[in-house]
Structures are given as structure tokens and as C-alpha cells.
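Accompanying notes for the structure given below.
Values in this text are rule-based calculations from the coordinates and carry no lab data. Note that this is a predicted model, so its numbers are computed, not measured. Neighbour counts run over all protein chains shown; Cβ positions are idealised from the backbone, glycine included.
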Amino acid sequence: MKIERLITNICSDHLSQSRDFYVSLFDMEVGYDSDWFVNLLSKDKRFEIGIIQRTHEIVPADYQANPQGFYLTFTVEDVDKLHQVILEKGFPLLEGPHDTFYGQRRMLVKDPDGTLVDISSPIKGFSFSS
């Protein structure tokens, strides 16, 4: 079956703060904003995130807990530039930018609802050596 659309929905206790977190870091636009659900879209409409009130009736009770066992990864042009924005906004930084063995410059931040967010940039000129 062909995938028409893929949306990651984040269960939230802080809809407006989560909306502002993703909009300010990833230049997303608000497609829909209510008291129970927010839809965010990249400017080119290729990427989407939903933020839903954690205790809303359409979220099964077993899935209303804090997120565990997954994280979101955003690949951006310049992780160091975004690091400055994170510091200015006071978002919780878990790991500052550092080079990885697999060719990414990476940092970890936590969104207002506790979701782990991996922000990475390819290291220019990197190639795996055998």
C-alpha cells in the first residue's frame, strides 16, 4: 500500500509551548491550532507533526504516559546555529553539539513534553573508512 502521508503525533500537556518549540526551531507553520490539537507543517509541506492533548478522549489511556522508547530526529543544515537558538530560548539541552563516528554533528534537546529530539547535520567531507 502506498503511503500518502506520515504524521508523528506527540501527546502533550503543554500544547502552546510545544507548538512554539517546534515552530521556533524548525521554521514550521501552524496548519491547525485548537485547544486539543495542533498541526505543524514544514514550509514546503513535506513534513508534519501533530501535537495532541495527552488526555484527549481519542488518545487511548495506555498511551497517555510520558514518551519512552522513541525519539525524533531532525537533520538540519547547521546544528551549531540551531544550538545558539536553543541556548537563547532556554530549551533543555541534554547534549551539546558534537561529532559522531557516523558522520553527523549531533545534539540532543528535550521538548516541553519530554520528547527527546535529536538534531543533526552531516559533517561536510565525511566518509566512512574501511
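Determine if segment 15-28 includes at least one residue that is under 26 Å from ARG106 (Cα atoms), in contact with a Ser or Thr (Cβ under 8 Å, 6 or more places away or on another chain) and surrounded by fewer than 16 Cβ atoms within 10 Å (Cβ to Cβ).
yes
Yes/no per residue for (1) buried (at least 18 other Cβ atoms within 10 Å of the Cβ); (2) of a type outside the set (Asp, Glu); (3) within 14 Å of the chain's Cα centre (by Cα); (4) assigned to a strand (DSSP E or B):
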| position | (1), (2), (3), (4) |
| --- | --- |
| HIS98 | no, yes, no, yes |
| GLY114 | no, yes, yes, no |
| ASP118 | no, no, yes, yes |
| SER121 | yes, yes, no, yes |
| LYS124 | no, yes, no, no |
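Which of the residues spanning segment 57-100 are touching a helix residue (DSSP H, G or I) at 6+ places or on another chain (Cβ under 9 Å) and either touching a residue at least 24 places away in the same chain (Cβ under 8 Å) or not small (Gly, Ala, Ser) (or both)?
PHE74, VAL76, LEU82, VAL85, ILE86, LYS89, PHE91, PRO92, LEU93, PRO97
Any chance you could count how many residues in segment 1-52 are free of Cβ contacts under 8 Å to residues at least 40 places away in the same chain and assigned to a strand (DSSP E or B)?
12
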